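Okay, structure first, notes after.
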Amino acid sequence: MGADAETQPLCLRFTKTATARAAARPKESLLRPPDLAQWLLAAGLGEQLPKVDEELLREARELREAIYRAARAVADAAPPAEADRDRINAWAGRNDAFRVLDGTGAAWRFPGASPARSALAVLAGDAVDTLGGVRAGTVKVCAGSGCVAVFLDTTRGRSRRWCSMGTCGNRAKKDAMRVRHER
């Protein structure tokens with residue numbers, strides 16, 4: 001994960017596990033249970049690979065899509081759909097995780113029977129905090145060609161246009177430069 005991704009809330013980073021959403025066939029990166037386990041570990045939600053089965057993978061994708069749709073609604077200054085709010089809130093209510101100080105900083109602890117379920121509850125809680133406490137114009141949809149990723153604009157003037165300067169922003173600038181040179 002690049003520096004740009006690390007500044008984004010966990011819940012919005014989770015929505016990027018599905019990309020090319022505007023395409024006829026979006027690209028899914030959570031294809032198998034180990035993919036979700038790896039993503040959770042890479043996101044700092046645990047210190048070892050959690051156990052994930054097909055059912056939990058399906059539930060995780062459903063939660064991800066509810067978070068994505070809710071973020072899109074917030075970006076459009078609309079309330080999230082009730083079904084999406086209910087799914088996010090139900091997951092957030094399952095949270096049994098807590099943060100601790102360890103030798104390198106803060107880490108998550110998952111004392112329950114399923115660390116992966118606890119990690120998804122943390123993601124849902126992050127969605128509640130992120131989407132429920134934002135100012136207008138803070139959650140945005142990427143203006144990149146073909147990209148509809150959601151991101152949190154933390155710039156002073158709320159002028160950020162792309163989910164990532166390293167991908168969509170650079171692509172847009174290269175396209176603009178090509179158009180200028182073709183004139």
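Among the residues in region 49-57, are any closer than 22 Å to Gly132 by Cβ and of a type in the set (Val, Ile, Thr)?
Applying the first criterion (closer than 22 Å to Gly132 by Cβ) to region 49-57 yields none.
No: zero hits.
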- Task: Sort out which residues of region 97-134 are open to solvent by 60 Å² or more (accessible area, probe 1.4 Å) and among the charged types (D, E, K, R), and write them in order of number.
- Result: Arg99, Arg109, Arg117, Asp129
- State which residue is farthest from Arg25 (Cα to Cα) when the search covers only region 138-157 and only residues that are open to solvent by 20 Å² or more (accessible area, probe 1.4 Å) and among the charged types (D, E, K, R). Arg156
- Task: Would you mind finding the one in Ala37, Ala20 that is buried (at least 20 other Cβ atoms within 10 Å of the Cβ), more than 13 Å from the chain's Cα centre (by Cα), over 28 Å from Gly133 (Cβ atoms) and in contact (Cβ under 8 Å) with a residue 24 or more places away in the chain?
- Result: Ala37
- Message: Can you tell me which of (1) modelled with pLDDT of 90 or more; (2) in a helix (DSSP H, G or I); (3) within 16 Å of Arg13 (Cα to Cα) is the one Thr167 doesn't meet?
- Response: (1)
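Among the residues of region 40-63, how many are open to solvent by 60 Å² or more (accessible area, probe 1.4 Å) and within 21 Å of Asp84 (Cα to Cα)? Quick ask: steps written out before the conclusion?
Of region 40-63, the ones open to solvent by 60 Å² or more (accessible area, probe 1.4 Å) are 42, 47-49, 51, 53-55, 58, 61-62.
Restricting the remaining residues to those that are within 21 Å of Asp84 (Cα to Cα) gives 55, 58, 61-62.
The number of residues fulfilling the criteria is 4.
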- Item | Every residue from region 23-34 that is within 23 Å of Trp162 (Cβ to Cβ), open to solvent by less than 60 Å² (accessible area, probe 1.4 Å) and over 15 Å from the mean Cα position of the chain (by Cα) | Ala23
- Item | Hits in region 40-90 (condition: touching a Phe, Trp or Tyr at 6+ places or on another chain (Cβ under 7 Å) and part of a helix (DSSP H, G or I)) | Leu63, Arg64, Ile67
- Got at least one residue in region 148-164 being assigned to a loop (DSSP other than H, G, I, E, B), among the aliphatic types (A, V, I, L, M) and either at pLDDT 80 or above or within 21 Å of Thr7 (Cα to Cα) (or both)? yes
- Item | Those residues of region 80-113 which are within 14 Å of Ala127 (Cα to Cα), out of contact with any helix residue (DSSP H, G or I) (no Cβ under 6 Å at 6 or more places or on another chain) and of a type outside the set (A, V, I, L, M, F, W, C), in sequence order | Arg85, Asp86, Asn89, Gly93
- Note on region 148-171: residues among the hydroxyl-bearing types (Ser, Thr, Tyr) and within 17 Å of the chain's Cα centre (by Cα) are Thr154, Ser164, Thr167
- Query: How many residues are of a type in the set (Gly, Ala, Ser), free of Cβ contacts under 8 Å to residues at least 40 places away in the same chain and either over 15 Å from Gly44 (Cβ atoms) or not in a strand (DSSP E or B) (or both) if we restrict to region 98-129?
  - Reply: 6
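The values are calculated or read from the model by the stated rules, or taken from the named source; none is laboratory data. Computed from a predicted structure; not experimentally measured. Neighbour counts are summed over all protein chains in view; Cβ atoms, including those assigned to glycine, are modelled from backbone coordinates with ideal geometry. The accessibility values were calculated without ligands, DNA or RNA, using every heavy atom of the protein model including side chains. Shrake-Rupley method; radii C 1.70, N 1.55, O 1.52, S 1.80 Å.
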